[in-house]
Amino acid sequence: MSRPAPRQVVADLLTLRPQPMPPLAWPQRLRRLPHVAVALGAAALAATGADPVARLLAVVHAATVVIALLRPVAAWWLATVLTVVISVAHPPTHDNELWTWPVQAGVLLLLALRNRPAVSAAAAAGSALCGTLLKLAGCPVGSWTTVAVGCGLFASAVMIGAVRRGRREDRARLIEQTAATAHERALRTVLEERARIARELHDVVAHHMSVVAIKADAAPYRVADPPPELTAELAAIRAVALDGLNELRRLLGVLRADGPDGRSAGGTAPQPSLERLDTLLDTVRSAGLTVGLVVDGPRRPLPPGVGLSAYRIVQEALSNTLRHAPGAHSVVELSYRPSALGLRVVNGPATRGAPPSPGGGHGLTGLRERAAMLGGDLAAGPTPDGGYEVAALLPVTVTTATTHEDGPA
């Protein structure tokens, strides 16, 4: 941090802008406790003074501590002027104790809590110079020992305020950095999940492109004496499909090069769909999870992207149940609608404590990305009985199914 210029320090000492006390990181009902403490301290200082004039001066001087809660610089100037007035017009005596030094120190403490150390040090030096000049001018401000103690009190107040202000700023920076780190982690999780979705969808698209190329290549042999124009068109279709496959293969090399030495971290196994849901349920049952399946409506083939995303949503929801709700009963509900697939995974409360999980807690972020990619919605949250629910609605585009029949080559 750069050191402020002297001109800037002077400008800060001449400002009258309000500087309210920043909120404290305390419980809500205790956040006003410092203000109450300052008011009680000012009341104690205002009670000094044996005669009416001294008592009035003490009240006015102590009020600068309360003013310093909102405008510390203005309160410091007022307290300094009142110190001079009290020392010259109505100096303290043994029976008429005006605590000018503690009041000045209290104002400096509140000023140091809201201003840079250079500004606070300049104010403390001004207060110490004022007290020293009053002593040199012969004003009854006490002995030189009293002046030295007062200057030490000013230095201690500024030091305590500067340390407290520095700790508050460090805490604010830490909170800001923690929030930025959490945002970056969530963004990285979204990007990783999108890359994973892209790898999976690549396999689906590549499969269909391969079918197009094979069909285009075999079509001329299924018809006797095909026209030359038809043969040429089918050859062009096959060539375009093969070019597309080559581009997809190059893209696959980029998407899968995320392991050590650029090797694939995702493998090349076929991507799952709801056709493998029963196998998934058997796997989690063998891991100790009691899970049931409820299907509403007749099962039917789904587009590959919808089937893959639905499978991944069920897989992630059941994995979270195993990790975070041991012993809970879980139910998977599928609702086949004319133009959408409804999906719901709900589990009851855990029957025993869950072990610590090393995961980053961003699985739901990936599920929401999958649902949003398909134009669907996903909601997740606790249930009234202490369990958890994941529900999704995935749109399904109605297409005419193509029957693949093998003919003579």
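A few notes on this one:
- Candidates Val314, Val346, Val331 - the one that is at pLDDT 90 or above and in a helix (DSSP H, G or I): Val314
- Among residues that are among the small types (Gly, Ala, Ser), at pLDDT 70 or above, more than 21 Å from Pro117 (Cα to Cα) and open to solvent by 30 Å² or more (accessible area, probe 1.4 Å), Ala37 is included.
- Residue within segment 388-405 that is farther than 30 Å from Arg222 by Cα, open to solvent by 50 Å² or more (accessible area, probe 1.4 Å), modelled with pLDDT under 90 and out of contact with any Leu (no Cβ under 8 Å at 6 or more places or on another chain) present: yes
The values are calculated or read from the model by the stated rules, or taken from the named source; none is laboratory data. Source: prediction; values computed, not measured. Heads up, the Cβs are rebuilt from the backbone with ideal geometry, glycines too, and the neighbour counts pull from every protein chain shown. For accessibility, only protein heavy atoms count, side chains too; no ligands or nucleic acids. Shrake-Rupley method; radii C 1.70, N 1.55, O 1.52, S 1.80 Å.
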